[in-house]
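The values are calculated or read from the model by the stated rules, or taken from the named source; none is laboratory data. All values derive from a computational prediction rather than experimental measurement. Cβ: placed from backbone, ideal geometry, glycine included. Neighbour counts: every protein chain shown. The accessibility values were calculated without ligands, DNA or RNA, using every heavy atom of the protein model including side chains. Shrake-Rupley method; radii C 1.70, N 1.55, O 1.52, S 1.80 Å.
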Amino acid sequence: MGERVIFVIFGASGDLTKRKLVPAIFSLTCEGFLPPEDIAIVGFARTDLDNDSFRRELFKGVENYSRISTAQCRLWPNISERIVYHRGDYGDIKAYEELKNLLNSIEEKLDIPGGRYIFYLATPPDLYSTVIEHLGSSGLTRKMGSFPRIVIEKPFGYNLKSAIELNNILHKYFREEQIYRIDHYLGKDTVQDLLVFRFGNAIFEPVWNRNYVDNIQMTVAESEGIGTRAGYYEKAGVLKDMFQNHLLQLLTLVTMEPPIDFSEKSIRDEKVKILRAIRSIEPSQSYNYTVRGQYAGYREERGVSPHSNTATFGVLKLYIDNWRWQGVPFYLRSGKRMKEKMTYIAVRFKDVPHIMFPYKFRDQISSNILYLWIQPNEGIRLQFNVKRPGMEMNISPVIMDFTYSDVFEYKVLPDAYERLILDIINGDPTLFTRNDEIELAWRFIDPIVEGWEGKESPPLAFYEGGSLGPKESDDFILRDGRNWL
Ligand code: BG6
């Protein structure tokens, strides 16, 4: 006891609750990280549901999406009985007063100390400020220790201006340490492993810089299209959907200086330094630094304008102006409806300074490449050259391969939301984005968005579904004398 919380989800009838949040809570409970009696869940939404129908919907979600099956773990009834649905309009103060009474009665009934609320905003983003203001005016934000905590799903604003406005509204009622801005990529085990890989090993850090690294590439490819999310995606496009958050977050972890300790402040301070050091790309430069693409058939998707210029694919070349990375190009790319789902980081090291083998072997020597494979087939792979066995001298590149599932008991790695929800409950904000990170990321992305909307934009390049993106993406990197790894 004492650790107990009430998890209040706004937008509870939506997909996120069913697919991610509640299945994650279920898995945490089953693995003993979160005893069922330590949590009560309140779903707040406009949809007309009652407790039973809400619980039934959530159970379907758990059955379909949870890492741990309901056959393996029989704790659903224990969780379910602590789930309550509260129907209300987000703009109606009465709904929040009723919520307050409901929370008080749950505290009393389930013996949960007062005010230990986690407000999870899973509504459409244009409702965030309404919900926050109403939480504030109904007195639900009264501080009790480090509670209440508020969790904000992405997108956090649509640009720098709206992100600052949202931060200001949040800071009216919450201190920064009470605010958890989700970037679910940070909850992935393989993303956290970037820190262990870099700072828990002695051999990589000495070569992790401009003296040894030729370029770094980051790919987040998805095979799915936009599905039913046209309303959101048409406005966001790939830059706001994937680059402003996930890709820039990956970049900070790959490039930051070693933090002095493992505290949230030290880590997030180092990330911020990188975000400040990224060289800005002016709107007029977008042609030289970016590629934008759209998959064939996107304009026929439901809810998409037949003339849409929204990019579903993007490439971004950037530089980090600091001592470690000066002059090293970073190529970031992401797209929907690509060949397969894969997220990986490839670090290509510089060529050997001198080839001492006879001339004919030159072409047999490949670069050393380190692949940090984020998903799927999570692992770390290193390419280096060996002598091919035999009487003759021949050189071949080979790959040394570490795959998580070969070594560890997890066949499926925990879902990012499991880790993030546990951290929110435990009050650890390390894996969440701080206000300055968000604002700096927008400061970098905004001019590129402006460039893409203006006359000097690179043309929209079309690509076939199931491909690796448009030809322009290959041409782009080829112009630098490189290719995608
Ligand atoms: C979300 C984006 O943040 O991340 C989606 O809005 C995208 O468009 C998703 O599909 C990808 O996440 P993951 O974990 O499947 O790589």
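Numbers below:
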{"quantity": "Nearest-20 debye value, segment 249-383 charge dipole, Cβ charges on Lys, Arg, Asp, Glu", "calculated": "340 debye"}
{"quantity": "Loop-located chymotrypsin sites (Phe, Trp or Tyr not before Pro) in segment 394-429, at most 13 other Cβ atoms within 10 Å (DSSP)", "calculated": "Phe408, Tyr410"}
{"quantity": "Sites Ser305 and Asp48, calculated FRET efficiency, Cβ-Cβ separation with R0 45 Å, nearest 0.05", "calculated": "0.90"}
{"quantity": "Accessible area in the full protein assembly, largest first, 1.4 Å probe, for Lys455, Lys471", "calculated": "Lys455, Lys471"}
{"quantity": "Span-rule helices in the chain, defined as complete DSSP H runs reaching 18 Å or more along the axis (Cα) with Kyte mean at least -1.0", "calculated": "93-110, 160-173, 264-277, 435-453"}
{"quantity": "FRET efficiency, Asp261 to Asn288 (Cβ-Cβ, R0 41 Å, nearest 0.05)", "calculated": "0.55"}
{"quantity": "Assigned charges on the beta-carbon of Lys, Arg, Asp, Glu; the chain dipole about Cα centre (debye)", "calculated": "820 debye"}
{"quantity": "Under 16 Å from the Cα of Lys411 - aspartates and glutamates, other chains or at least 8 residues apart", "calculated": "Glu31, Asp189, Glu378"}
{"quantity": "Rounded percent of accessible protein surface that carbon and sulfur make up, segment 388-485, 1.4 Å probe", "calculated": "54 percent"}
{"quantity": "Residue-normalised accessible area of segment 10-130, expressed per residue, 1.4 Å probe, Å²", "calculated": "45 Å²"}
{"quantity": "Relative packing of 281-292, 329-340, 168-179, 439-450, which averages over residues the other C-beta atoms within 10 Å, highest first", "calculated": "329-340, 439-450, 281-292, 168-179"}
{"quantity": "Accessible area expressed per residue, segment 424-485, with surrounding protein chains retained (probe 1.4 Å, Å²)", "calculated": "48 Å²"}
{"quantity": "Charged-residue dipole, Cβ positions (Lys, Arg, Asp, Glu), segment 1-123 about Cα centre, Debye nearest 20", "calculated": "360 debye"}
{"quantity": "Lysines whose Cα lies under 17 Å from that of Lys60, excluding same-chain neighbours fewer than 8 positions away", "calculated": "Lys18, Lys20"}
{"quantity": "Glu165 versus Arg210: modelled label distance in nm, points set 7 Å from Cα along the beta carbon direction", "calculated": "4.0 nm"}
{"quantity": "For segment 391-485, with +1 on Lys and Arg beta carbons and -1 on Asp and Glu, the positive-most of Thr430, Ala441, Gly451 along the dipole", "calculated": "Gly451"}
{"quantity": "The chain shape via C-alpha gyration tensor axes, a/c threshold 1.5", "calculated": "prolate"}
{"quantity": "Over 21 Å (Cα to Cα) - which of Lys154/Lys188; Lys336/Lys455; Lys143/Lys172 fall in this group", "calculated": "Lys336/Lys455"}
{"quantity": "Potential extension, Asn201-Asp89 segment - 0.36 nm per residue separation minus Cα distance", "calculated": "35.1 nm"}
{"quantity": "Per residue solvent-accessible surface (Å²) - segment 210-334, probe of 1.4 Å", "calculated": "39 Å²"}
{"quantity": "Selection from Asn64, Ser13, Leu135, by position along the positive dipole direction of segment 1-154 (Cβ)", "calculated": "Asn64"}
{"quantity": "Cα centroid separation - segment 86-154 against segment 223-253, whole Å", "calculated": "28 Å"}
{"quantity": "Förster-model FRET efficiency, 56 Å R0, Glu456 and Cys73, C-beta, rounded to 0.05", "calculated": "0.50"}
{"quantity": "DSSP-defined beta bridges in the chain - what % are antiparallel, rounded to 5", "calculated": "55 percent"}
{"quantity": "Among Ala221, Ala346, Ile267 - extreme Cα towards positive end, dipole of the chain, charges at beta-carbon", "calculated": "Ala346"}
